[in-house]
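Here the structure comes first, spelled out in structure tokens, and everything after it is commentary.
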């Protein structure tokens, strides 16, 4: 149980949400935006966080959109992972969403929560990075739309009080040939040791990884290497390894050696798959 | 021989519907307005001095009635060894140890007050394994061990971290090894883990003005709780009542004394008011006990023809911070140390050792799942070195009637047919088609087998009883002291009684709640002995009831009672069946037409106490501690990807000699449930601890157990060599399903990767690392 009282607000618009947030923050009530709530509930139970108020964003219509609108796919931040795993517009993100946690948890987990929460995996960001998605944020100064790649560096750079509203993808990115492999310590319902996706864009193989390092990433340098036809697969793997943007994680899920071996094996397999796809 | 109507039938379990529909109320579901609620504050350190506990702010928090710390509670509690303060006193010995408790008007107020308690610690060096614990000059976890009270059968070693040592000295191991053509010596180990029962532990306590103490508890052993409370707090046991409703899983974790002592003290602190404490999942995993870890060293020798000659065994049980049941677990492991094999020369030292891990209590298998892993790995390695097929090697060595156990007690007519079990396992695994095969896609399929045995580890005077009363409609009430922990015991007992009385089990009402004030005494619902012992008591009670029914009927029917028969709800002349009465007419006394009433109500009484058990000699281990052995064989088939260590368990099989299967469906369920738990134990479940001894997976997010979809195909075949002194020939089977799984899984994976795998859990990373070793 959550053993302390807190205030609960259910705004119906972004504007209302931001106003409430500002008021509560100014009054020292330490508000938190609340979507699926799986992290919030866990930490509140343990009393490691003690927010004075929760602002439930799920009633805001624009954050619940899931629609193909002309040349754009709009993914609202409050779409649940179960919903995301069942939609057919963008199969790659369905595959990624389906691999997180279990069905019961996915019924609550949201796209926005997965991206903005405290756990460092943020796996749903991977297909958004490779698809060069745009991100719609809203705060005190209204809405803004930016390329995700400019606002995501280890995590999404939100201003205080800003809300992730939607992710927008170009239709042409939705059907690209893709490859996914998720590795766990032992059994599918767990955090990832290494979750990698590869996407064959028009003339460029894109790759994004979560779990291997302390943050999910898509790396220009690594993509330069794996798209260099002069290199053998082995050379691509070796050079990519050196270009990893951070230290390889070593923790109770798995050692850095094991993670590296899995990632390298999967990279080889992905490259072979994509090469085969070309023929 | 007459056909049995109600034995060997898969009667649907009596408690099934209510449980599946969520109608059953568990202890944690019950709340009342006057109840006060408790919460505990736990230690973030694995080993530290408690410098100061500041409770002033907590005492002033809304709704708070009392706050207790270790300083408020002198004395210790313990099942066999009095080593545990209900709240940590002076120092903490494991991560998650309770250091303070709050009683408040509501659960929320109690939990909120916890954050207001300030504890100052001074960390101490952490002892992280049994070997670290036994090193000279290792930090002592229990400096006052010499002052602890303990039962005579336990031998603590003050000045060390050894809480108990059990010795087996049978024959002469040195000459045994001399006679051995092949010898192996190897180390085996695994860390501690947890039971993860679906229902977390709960307890309530109330003290009435006349001094009566009323405890409700999720215990498997209400009579043990009663007697330990009496002994620990100097209360007459006649003034203590312990009441237990059906449990949501026990697995041994609820078998001793758990929260009851603390809750009693909390009630005392608030003038005897009713206080309730329910474990959160995290408390249940860490603050309440889990299961032991193990470090084992085994030296095993066999002659040229594969016959075992000698075993030199060291079992070092990681009991964690407190000894609880583990001193008896290490003892039980000594008694069964060789596994179900005939070994003429045995030397064994089995110790229970303190470490700064969360402490351990009884766990399904009680030392036997642990020893079986080690022995089965050793047997595999020895067979391999001797160039003998591992299944054949076991066949050569199975223990049989006339052989002696490590304690030199003779296996008698009741000995199970282990060879038949091995034959069945071989057939189910298709062992003769090969035990290792490389597939076209690079994966490797391999099989592993194991043998297991277990006798109940219990006091020599363990007992049970049964009382039968009748209702006006002729149905029967069955009253016994055993707890329904999910094992389907009550259904099986109803079947045994149904067979004796010749009525349908639906006409038997098994009393769900056990109240120590009114139920017949029962040692504990543990050790897979309830069906055996209560079954025997029940048969005696049924015979007693039948005698009374015949006595009354003989007056009415004017015939000798011995000419009568009781069946199908009637009592009638055996050779003139149409002459008789409904049992309902005599069960509460018989009334004649003109009004005279005779004889009175039928009350059937039965009891059973263990037969001819003895303690074991402290020097040699000789004795007869085992009531009956249930043994069997298991096997698994796996498919491994050697390039990354990932694997699937394709098949898990078991053949067990249970004497008589009372309810095939429930028996199958018990065994398969055990096999699943054993696989989880071997491959998935254990605590991961950091260097400071903190448990990193202290919640179900990170403590992984097997899920539907990860399970293999299970196959179970029972063998029925009668247990002559068991009810309808049955012997216990509740635990045995877990025992051989770790050994079989490790054996199969080791065969697949081509390297020994002697440590659990068997994670893909571990197997991959072994594979890299092989490649070098």
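Quick note: the coordinates plus some simple rules give every number you see, no bench work behind them. These numbers come from a predicted model, not from an experiment. Positions of Cβ are generated from backbone atoms using ideal geometry, with glycine treated the same way; all protein chains shown enter the neighbour counts.
Quick rundown of the values:
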item	result
Efficiency of FRET between residue B:23 and residue A:141 - r from beta-carbon atoms, R0 60 angstrom, step 0.05	0.60
Kirkwood hydrodynamic radius of the range B:1-156, Cα pairs, Å	19.5 Å
At q = 0.13, 0.21 Å⁻¹, base-10 log of I(q)/I(0) for the range B:137-208 (Debye sum, equal scatterers on each alpha carbon)	-0.87, -1.04
Three-way shape call for the range A:7-56 based on the alpha-carbon gyration tensor, with the a/c threshold at 1.5	oblate
Percentage relative contact order, the range A:7-56, counting C-alpha pairs under 8 Å, at least six apart	55 percent
Rounded, prolate or oblate (a/c below 1.5 giving rounded, otherwise prolate when a/b exceeds b/c) for the range B:112-269 by Cα gyration tensor	prolate
Alpha-carbon radius of gyration plus Dmax, which is the widest Cα pair, for the range B:230-277 in Å	12.3, 35
Burial ordering of B:288, B:655, fewest other beta-carbon atoms within 10 Å first	B:288, B:655
Prolate/oblate/rounded call for the range A:110-195, Cα gyration tensor, a/c under 1.5 rounded	oblate
Kirkwood Rh, Cα atoms: Rg over Rh of the range B:456-501	1.04
Cα-derived Rg to Rh of the protein assembly as shown, Kirkwood definition	1.01
Relative contact order %, the range B:52-162, counting alpha carbon pairs below 8 Å whose residues are six or more apart	28 percent
Whole-Å distance, taken between Cα centres, linking the range B:604-643 and the range B:744-776	29 Å
Once the Cα gyration tensor of chain B is diagonalised, semi-axes √(5λ) in Å	42, 37, 23
Relative exposure of B:568, B:312, judged by other C-beta atoms within 10 Å (fewest first)	B:568, B:312
The range B:615-684 - Debye-derived log10 I(q)/I(0), Cα point model, q = 0.25 Å⁻¹	-1.15
Over the range A:178-275, volume per residue of the alpha carbon convex hull, in Å³	91 Å³
Calculated SAXS-style log₁₀ I(q)/I(0) at q = 0.07, 0.11, 0.14, 0.15 Å⁻¹ - chain A, Debye, Cα scatterers	-0.27, -0.65, -1.02, -1.15
Å³ per residue enclosed by the Cα convex hull of the range B:504-650	272 Å³
Extension gain, residue B:473 back to residue B:427 (0.36 nm per residue minus Cα-Cα distance, nm)	11.5 nm
Length released on extending from residue B:591 to residue B:71, taking residue separation times 0.36 nm less the Cα-Cα span	180.7 nm
For residues of B:107-116, the mean tally of beta carbons on other chains within 10 Å	3
Principal axis dimensions, the range B:644-750 - Cα atoms, whole angstrom, descending	53, 29, 24
Candidates A:71, A:173, A:269: whichever shows maximal mean-square fluctuation once chain A is modelled as a Gaussian network with Cα springs under 10 Å	A:71
Approximate spin-label separation residue A:241-residue B:690, in nm, with each point projected 7 Å along Cα-to-Cβ	2.9 nm
Potential extension, residue A:43-residue A:15 segment - 0.36 nm per residue separation minus Cα distance	7.3 nm
Within 10 Å of each Cβ in A:1-14, the average number of Cβ atoms from other chains	2
Label point distance in nm, residue A:103-residue B:303, each placed 7 Å from Cα along Cα→Cβ	5.9 nm
If the convex hull is drawn through the Cα atoms of the range A:63-173, its volume per residue in Å³	96 Å³
Helical contribution to [θ] at 222 nm, DSSP H n ≥ 4, -39,500 (n - 2.57), averaged over chain A, rounded to 500	-9500 deg cm²/dmol
Relative contact order of chain B, defined on C-alpha pairs under 8 angstrom at six or more residues apart (%)	15 percent
Residue exposure sequence - B:509, B:479 - by fewest surrounding Cβ within 10 Å	B:509, B:479
Principal axis dimensions, largest first and in whole angstrom, of the range B:235-375 by Cα	71, 32, 27
Helix-only [θ]222 nm of chain B, DSSP H runs n ≥ 4, -39500 (n - 2.57) each, per residue, nearest 500	-7500 deg cm²/dmol
Where labels lie 7 Å past Cα in the beta-carbon direction, separation of residue B:562 and residue A:69 in nm	9.6 nm
Residue A:203/residue A:22 FRET efficiency (R0 41 Å; Cβ-Cβ; nearest 0.05)	0.35
Residue A:151-residue B:60 FRET efficiency (beta carbon distance; Förster radius 56 Å; 0.05 resolution)	0.75
Peptides ranked, highest mean first, by Cβ atoms within 10 Å: ranges A:112-120, A:41-49	A:112-120, A:41-49
DSSP beta bridges in the protein assembly as shown [antiparallel fraction, %, rounded to 5]	80 percent
Mean Cβ neighbour count within 10 Å, used as a protection proxy, ranking A:253-264, B:53-64, B:102-113 highest first	B:102-113, A:253-264, B:53-64
